[in-house]
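Presented below is the structure to which this report refers.
The values are calculated or read from the model by the stated rules, or taken from the named source; none is laboratory data. The model shown is predicted, which means the values in this text are computed figures rather than measured ones. Neighbour counts run over all protein chains shown; Cβ positions are idealised from the backbone, glycine included.
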Amino acid sequence: MIQPLLQWSWISSVPLAIAKRSSNPSFAVANGQFFAVKKSALMKSGGYSSIKAEVLDDMQMARVLLRNKFKGTVGNGALIAQCHMYSSWSELRNGYAKSLWKGFGGVFGSIIAIALLVLTGIIPIVSVALGSSLGWFAFEAVLISRLISAKITRANLFDSLLHPISSVLLIYLIIYSWLMRGRIQWKGRAV
């Protein structure tokens with residue numbers, strides 16, 4: 001329910017065609033579960049040692065590559081790779097807690113992310129419950145975008161129906177990550 005939000009957020013909000021052509025590190029998008037890079041580009045950019053202290057090493061590696069004039073973007077790897085990240089709620093919470101605080105670029109970015117989750121995940125369903133036809137339209141629009149994302153990435157289509165619950169859980173995880181910042185151990189250090 002949580003991980004498909006990542007793919008949905010890219011598909012629905014990141015101009016991937018522009019990001020692919022841009023050398024601006026602000027357009028860096030990466031997914032560390034399956035990160036392919038040419039060895040020559042990696043070496044010319046300082047290799048993994050240039051990012052070893054980073055919490056979001058995949059995103060930082062993408063930025064380093066862009067700064068060194070190499071291009072790249074995320075792609076749909078659903079046909080060639082699979083990833084099982086977490087086996088329990090505890091693992092998922094701890095996994096996201098280590099990095100969500102940094103994932104949105106700071107407090108302001110986290111507030112914007114939470115606002116967007118409220119706008120797309122909570123307000124539409126509350127509006128539906130209050131009988132709003134505009135709420136139905138908003139909920140259907142988000143649901144259709146989630147279904148398209150799930151189809152493209154071979155995610156569970158049923159999770160799309162649970163978007164309001166996924167949104168609440170991700171909001172919780174963002175807040176939890178900020179509260180736990182500096183108290184979680186990762187690679188032998190507090191993050």
Just wondering, is there one or more residues in region 61-70 that are at positive phi and in contact (Cβ under 8 Å) with a residue 40 or more places away in the chain?
yes
The one condition in (1) at pLDDT below 90; (2) closer than 22 Å to Val74 by Cβ that Ser166 fails to fulfil
(1)
Go through region 17-68 and report how many residues are of a type in the set (Ser, Thr, Tyr) and under 20 Å from the mean Cα position of the chain (by Cα).
2
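Residues checked against (1) surrounded by 19 or more Cβ atoms within 10 Å (Cβ to Cβ); (2) farther than 22 Å from Trp101 by Cα; (3) of a type outside the set (Val, Ile, Thr):
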{"site": "Gln7", "(1), (2), (3)": "yes, no, yes"}
{"site": "Pro25", "(1), (2), (3)": "no, no, yes"}
{"site": "Leu42", "(1), (2), (3)": "no, yes, yes"}
{"site": "Met59", "(1), (2), (3)": "yes, no, yes"}
{"site": "Arg67", "(1), (2), (3)": "no, yes, yes"}
{"site": "Phe70", "(1), (2), (3)": "no, yes, yes"}
Within region 57-75, residues in a helix (DSSP H, G or I) and either hydroxyl-bearing (Ser, Thr, Tyr) or under 20 Å from Ala17 (Cβ atoms) (or both) come out as Met59, Ala62, Arg63, Leu65, Leu66
Gly135 versus (1) in contact (Cβ under 8 Å) with a residue 12 or more places away in the chain; (2) surrounded by fewer than 14 Cβ atoms within 10 Å (Cβ to Cβ): which is the lone unmet condition?
(2)
Please indicate, with yes or no, whether at least one residue in region 126-137 is out of contact with any His (no Cβ under 6 Å at 6 or more places or on another chain) and under 30 Å from Gly77 (Cα atoms).
no
Please count how many residues of region 44-55 are part of a helix (DSSP H, G or I) and either within 15 Å of Arg67 (Cβ to Cβ) or among the β-branched types (Val, Ile, Thr) (or both).
2
